[in-house]
Every structure is written in C-alpha cells, then in structure tokens.
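Since the structure comes first, as structure tokens, the remarks are kept for the end.
The values are calculated or read from the model by the stated rules, or taken from the named source; none is laboratory data. Just so you know, these numbers come straight off a predicted model, no measurement behind them. Neighbour counts are summed over all protein chains in view; Cβ atoms, including those assigned to glycine, are modelled from backbone coordinates with ideal geometry.
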C-alpha cells in the first residue's frame, strides 16, 4: 500500500512518528513535515525531519514548500491509498476546510478531497472552538475522516506507548492497514 503522511505543528507529533514507524516497515510512505511540524518535532522529541530521513531511509521526504511535487497532482495522488495528517493542527484543518493552499500539505489534502483519495485528519487540540467544529464538519462533508487523538482504556494500557498505539491503531484501521497495536474490545 502507498501512503502520504503529513506531520503538522500540533502537539502530539509522537502519533505521526509512531505511524511512520509502523507503516514504513511494509508500505511505501511519502512524508511531508510542515515548518511548524519541525518545530514541534524538535520541542517534543528532540529530532528534526532530517533525523527522520536518516532513521527511515526508504521513506520519500518531500519539502513542504515544493508545490511542484508530484504529490500536488491529482493524476499522481490517485495511486495512493490514503493521505494521513498526524497530528493535524487546527490551522491546517482551517486551510483544508476552506481550500487555502499555503504549503504542500494543504495542496495534497485538497487534491485528496477532489480525487476521492481517503483523507484522515488526526486532530490534536482541546477544547474545540465553534470554528474548529465547523471546520471539522466542512472537511467531513467534503469526504475527509476526522479522528480525535483520544485513546481508549478498555485494552487496559500499562504505559504511554499503549495509549499512543491505540490512537495510531484506530487511524490504521480507518486506512485499511492490518495491525496488532492494541487488543480489541473483548479480544
């Protein structure tokens, strides 16, 4: 399977990192990290997108300013199974909801919507304002799937990684990727 993974400037980049770890083992992954995403990677994990390039050499890393990237084209993006924005900042959500392209992530999401490529947005914000909720409704009505970064507890997590894997596992379920990141209900 083929995926575009976008990491934006919301807190919770560990979700994007873990998704990258899981997907890159068996799937083709194209990665875009926004400028703000790089800032949060540095703050929360002490790494940069350059570190990601070294750690995941099979992953194709795209410059978020490169609007001429093949990913910006509908005829190319149609060959991907899903576009994942993990985490998705509310600023990115607003741009997607209103068709505003300020970087490659926004453009890829717009193209995913128009080409009917599965678009999954992991929103990591709380509380939500009315504007956030309206933007979530707009992108949902346009065909995206909005996922809150809300871990469950029925699998009886023992450590933080269990909570992270629960959220990432839910996203992978929506993307059609088999996994065993968490124990399912009554399993």
Within segment 43-53, of all residues that are out of contact with any strand residue (DSSP E or B) (no Cβ under 7 Å at 6 or more places or on another chain), at pLDDT below 95 and in a helix (DSSP H, G or I), the one surrounded by the fewest Cβ atoms within 10 Å (Cβ to Cβ) is 50
Does segment 143-160 include one or more residues that are in contact (Cβ under 8 Å) with a residue 40 or more places away in the chain and assigned to a helix (DSSP H, G or I)?
no
Could you please give the count of residues in segment 63-105 that are in contact (Cβ under 8 Å) with a residue 40 or more places away in the chain, in a loop (DSSP other than H, G, I, E, B) and out of contact with any strand residue (DSSP E or B) (no Cβ under 9 Å at 6 or more places or on another chain)?
2
Exactly one of these conditions fails for residue 159: (1) surrounded by fewer than 17 Cβ atoms within 10 Å (Cβ to Cβ); (2) closer than 21 Å to residue 14 by Cα; (3) touching a strand residue (DSSP E or B) at 6+ places or on another chain (Cβ under 8 Å). Give me its number.
(3)
Of the conditions (1) surrounded by 19 or more Cβ atoms within 10 Å (Cβ to Cβ); (2) outside any helix (DSSP H, G or I), the single one that residue 58 does not satisfy is (1)
In this structure, is residue 113 more than 19 Å from residue 175 (Cα to Cα), part of a helix (DSSP H, G or I) and in contact (Cβ under 8 Å) with a residue 24 or more places away in the chain?
no
Among the residues of segment 4-28, count how many are assigned to a strand (DSSP E or B) and either surrounded by 24 or more Cβ atoms within 10 Å (Cβ to Cβ) or at positive phi (or both).
3
If residue 182 satisfies every condition in (1) assigned to a helix (DSSP H, G or I); (2) buried (at least 18 other Cβ atoms within 10 Å of the Cβ) but one, which is the exception?
(1)
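Conditions (1) at pLDDT 95 or above; (2) surrounded by fewer than 17 Cβ atoms within 10 Å (Cβ to Cβ); (3) in contact with a helix residue (DSSP H, G or I) (Cβ under 9 Å, 6 or more places away or on another chain), marked per residue:
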| position | (1), (2), (3) |
| --- | --- |
| 75 | no, yes, yes |
| 89 | yes, no, yes |
| 96 | yes, no, yes |
| 103 | yes, no, yes |
| 131 | yes, yes, yes |
| 152 | no, yes, yes |
Which count do you get for residues in segment 162-178 that are buried (at least 17 other Cβ atoms within 10 Å of the Cβ) and under 19 Å from residue 81 (Cβ atoms)?
7
Looking at 171, 177, 139, 131, which one is touching a residue at least 60 places away in the same chain (Cβ under 8 Å) and part of a helix (DSSP H, G or I)?
171
